[in-house]
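Enquirer: Supplied in structure tokens, the structure appears directly below.
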Amino acid sequence: FLLPHRTKLLRRNDQSPWKAATTSIQTNISITLPSAVQVYDDYPSALHTIHVKTVLTPKETEQCLRIATEYATLTGRWDRPDFTRHASYATCDFCIEDCPPLQSYLQSIHFDTRIWDLLHSFYNIDHDDMSYLDFFCAHYRAKSDENLETMDRLEAHRDGSLLSFTLLLTPPDRFEGGGTFFEALRDVEPTMENKDTFQTGEVIRPQQAGDAVMHCGKILHGADVITKGQRTVLVGFVDVSEWRQRPGALSRACRDWGRMDVAKRRLERQKQKGCRGWFLNHQKWLPKVDRMTHSIIQGYIPAFRSVERRGNDDFQRRKRLEAEDVLLRTILMDRDEAEKSFDIFDGDVTIL
Ligand SMILES: O=C(O)CCC(=O)C(=O)O
Ligand SMILES: [Fe+2]
């Protein structure tokens, strides 16, 4: 069931378990990222909006949490981060595929169909064009002396997938802190409708277990620190077929984000060497006549203003957000456009 495009047999109908899910209080919140660039149209694109939506009933959520906790206790999978699965941003987790009881329970309640239906309605991507890159159950707990290897947060990052979701399994009254933060939401004011879920700055905190935060995985995000108790979530990385993605859009964004990383490192290096400048011992490489004429050639190199400006935190953030915004506007092609761009292959395409 980890291959969603194979789940056509689980289409929604009147008797579907989806009906059961609609009997609990239904969260339906959407928060749209502000525009960071003016030069492009197409704002907001579907990908600018983050959705918080009820996916599981309280009973189903409880059942998932029970099965997951039993499995993690037995295997120790929540006791330390798994660097083999997520090398850079390792979480204390297990893959749903590794836990047959949870996998078959989710299958029995048609979990995948619910997720694809929602993602389809939010981002207009066909079920056949979505598949799991990863689907796992992660666990955060407040730091204490006994659990040094466990995790209490996840640093800001972008997922490998174009779409992602984080579904809360633990009732929110059992922990403090937590939630998913998004850098681009820092200056966005909560509204009457979302003020409970979106209380502080960048963080989205679902108000009931069974609710999922669904978003574009390329938006810079992370898990806020847990200060008390434990928080268990189901996380899905959902990939979108290549043919719906505009060639070059992601690589352009990665290049721009990479430039900002380099600028940051240059400033750090400059600071290590002393902000005002530094002396180079390079006289022996210079022609004798010039040695006497230029003070710079005497070896003194002032700190570069441009390095300071480009390494500045606000500047960095603005540039990161600009690249992110352009990506969100451009990466998805609608079906017609995608079909046209596929036509250049003249129908001669073999899909392996
Ligand atoms: O736990 C969360 O709220 C976010 C998790 C996440 O971003 C991830 O695992 O990639
Ligand atoms: Fe993530």
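Any read-out appearing in this document is the output of simple, stated calculations on the displayed coordinates, not a laboratory observation. Everything quoted here is computed from the prediction, not taken from an experiment. All Cβ positions, even for glycine, are placed from backbone atoms using ideal geometry, and neighbour counts span all protein chains on display.
Enquirer: Which of the chymotrypsin sites (Phe, Trp or Tyr not before Pro) across region 51-150 are loop residues per DSSP, with 11 or fewer other Cβ within 10 Å?
Expert: Phe83
Enquirer: For region 4-240, what are Rg and Dmax over the alpha carbons, in angstrom?
Expert: Rg and Dmax of region 4-240, Cα atoms, are 17.2, 54 Å.
Enquirer: Give a residue-ordered list of calculated ³J(HN,Hα) values for region 317-333 (Karplus: 6.51 cos²θ - 1.76 cosθ + 1.60, θ = phi - 60°; whole Hz; x for Gly, Pro).
Expert: Residue by residue, region 317-333 yields 5, 4, 5, 4, 5, 4, 5, 5, 4, 4, 4, 4, 6, 10, 5, 8, 9 Hz.
Enquirer: Then there's this: Less than 12 Å apart at the alpha-carbon level, and either on another chain or at least 8 residues along: which aspartates and glutamates does that give for Lys271?
Expert: Counting by Cα, and skipping residues close in sequence, Lys271 has these aspartates and glutamates nearby: Glu308.
Enquirer: With θ set to phi - 60°, apply the Karplus curve 6.51 cos²θ - 1.76 cosθ + 1.60 along region 90-101 and write out the HN-Hα couplings as whole Hz, x wherever there is a Gly or Pro.
Expert: 5, 10, 7, 8, 9, 6, 4, 4, 7, 10, x, x
Enquirer: Can you give the FRET efficiency to the nearest 0.05 for Arg85 and Ser144, using r as the Cβ-Cβ distance and R₀ = 30 Å?
Expert: Plugging the Cβ-Cβ distance into 1/(1 + (r/R0)^6) gives 0.75.
Enquirer: How large is ³J(HN,Hα) for each residue in region 249-257, as worked out from phi by the Karplus curve 6.51 cos²θ - 1.76 cosθ + 1.60 (θ = phi - 60°), to whole Hz, x for Gly and Pro?
Expert: 5, 6, 5, 5, 5, 4, 4, 5, 5
Enquirer: Enumerate the amide H contacts of Leu133 below 5 Å, restricted to partners 5 or more residues apart or on another chain; note that Pro and chain-start residues carry no placed amide H.
Expert: Phe237, Val238, Asp239
Enquirer: What order do you get for 57-69, 233-245 when each peptide is scored by the mean count of other beta carbon atoms within 10 Å, highest first?
Expert: Going by the mean number of other Cβ atoms within 10 Å, highest first, we get 233-245, 57-69.
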